[in-house]
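Worksheet for the structure shown next.
The values are calculated or read from the model by the stated rules, or taken from the named source; none is laboratory data. Everything quoted here is computed from the prediction, not taken from an experiment. Cβ atoms come from the backbone with ideal geometry, glycine included; neighbour counts cover every protein chain shown. Side chains included, ligands, DNA and RNA excluded: accessible areas come from the protein's heavy atoms. Shrake-Rupley method; radii C 1.70, N 1.55, O 1.52, S 1.80 Å.
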Amino acid sequence: MRKAWFADEITEEVAPLLPGFGVEVVAEIDSTNTELMRRARHGTTAPVLLVAERQTAGRGRLGRPWQSAQQTSQPASLTFSLGLPLTPRDWSGLSLAVGVSVADSLDPAQTAGLRLKWPNDLWVDDRKLGGILIETALPQADAAQRYLVIGIGLNLGPREAEGLSTPPAWIGEWRPEATAGELLRALVPPLVGTVQAFAERGFAPFAERFAMRDALRGRDVQLSDGTAGRCDGVGWGGELRVHTAAGMQTISSSEVSVRPVRAPI
Ligand code: BTN
């Protein structure tokens, strides 16, 4: 199983950056994020990439379930979590920097139209391709360093629209030949580099690349907290900027969701 996922190759590339790093591939688990958070709470904080061929209780942001696409002979979703101890100066904008890294790995020439929707979605033509779920655990109450878990779920094949207003996008639309293992191998080493650069310098060095893929900038948006206005992109700390009737509002809470308002036909 490890071979199809390029586990040895990924380990070889990442271990020099993250000593002690290992790759684990499991056929089935409830959720790769839940598992790494469980381990961290029990004091297991080694850097690890946990890949699941199937999740039975995948989780998204705001307590939503993450549904994987229906499995055929190939995994129809790519689901994995990267866990590592981290002490950034500031956590703001981490999911945006992760999104930039994932988007640049999947669509380096920006020909697939892969966009980032604040704060954690990957979109193609306003259809959701995938999402990022970031969580942290304090291994012990007095621990100086938090354990970071970055969960990423991407549609490889088509899936039902269950609960979504538009059918999801999938990677096979523009990379039909790419296997899940090849994609994982392309994604993970740059992702580790991104997380380490973020820990040193925060979101600001990623802001320009985010802006180039920003799915909301210049569009009318509606927020779950009732705010409505024209999105003015994101600030240097990764906060969403919305020009409202009451002036410019900045939103940094990850508890808020935002959607573009489609012009009435
Ligand atoms: C979202 O869209 O709100 C985030 C989705 C994140 C899904 C991934 S799949 C791997 C990891 N394990 C989970 O349970 N969730 C993340």
Any idea which residue in segment 117-143 is modelled with the lowest pLDDT, counting only those that are in contact with a Lys or Arg (Cβ under 7 Å, 6 or more places away or on another chain), hydrophobic (A, V, I, L, M, F, W, C) and more than 23 Å from P176 (Cβ to Cβ)?
L138
Among the residues of segment 5-27, is there at least one that is in a helix (DSSP H, G or I), within 18 Å of the chain's Cα centre (by Cα) and within 16 Å of the ligand (Cβ to nearest atom)?
no
Test: L36 is within 20 Å of the chain's Cα centre (by Cα), in a helix (DSSP H, G or I), at pLDDT below 95 and within 16 Å of the ligand (Cβ to nearest atom)
no
In this structure, is V242 open to solvent by less than 20 Å² (accessible area, probe 1.4 Å) and more than 30 Å from E9 (Cα to Cα)?
yes
Give me a count of the residues in segment 172-181 that are without any contact (Cβ under 8 Å) to a residue 40 or more places away in the chain and either in contact with a helix residue (DSSP H, G or I) (Cβ under 8 Å, 6 or more places away or on another chain) or surrounded by 13 or more Cβ atoms within 10 Å (Cβ to Cβ) (or both).
2
Of all strands (runs of 3 or more DSSP E) fully inside segment 39-143, the set with 3 or more residues that are under 30 Å from T250 (Cβ atoms), open to solvent by 30 Å² or more (accessible area, probe 1.4 Å) and of a type outside the set (S, T, N, Q) is 127-137
Would you mind telling me which numbered condition in (1) open to solvent by less than 20 Å² (accessible area, probe 1.4 Å); (2) out of contact with any strand residue (DSSP E or B) (no Cβ under 8 Å at 6 or more places or on another chain); (3) in a loop (DSSP other than H, G, I, E, B) A169 fails?
(2)
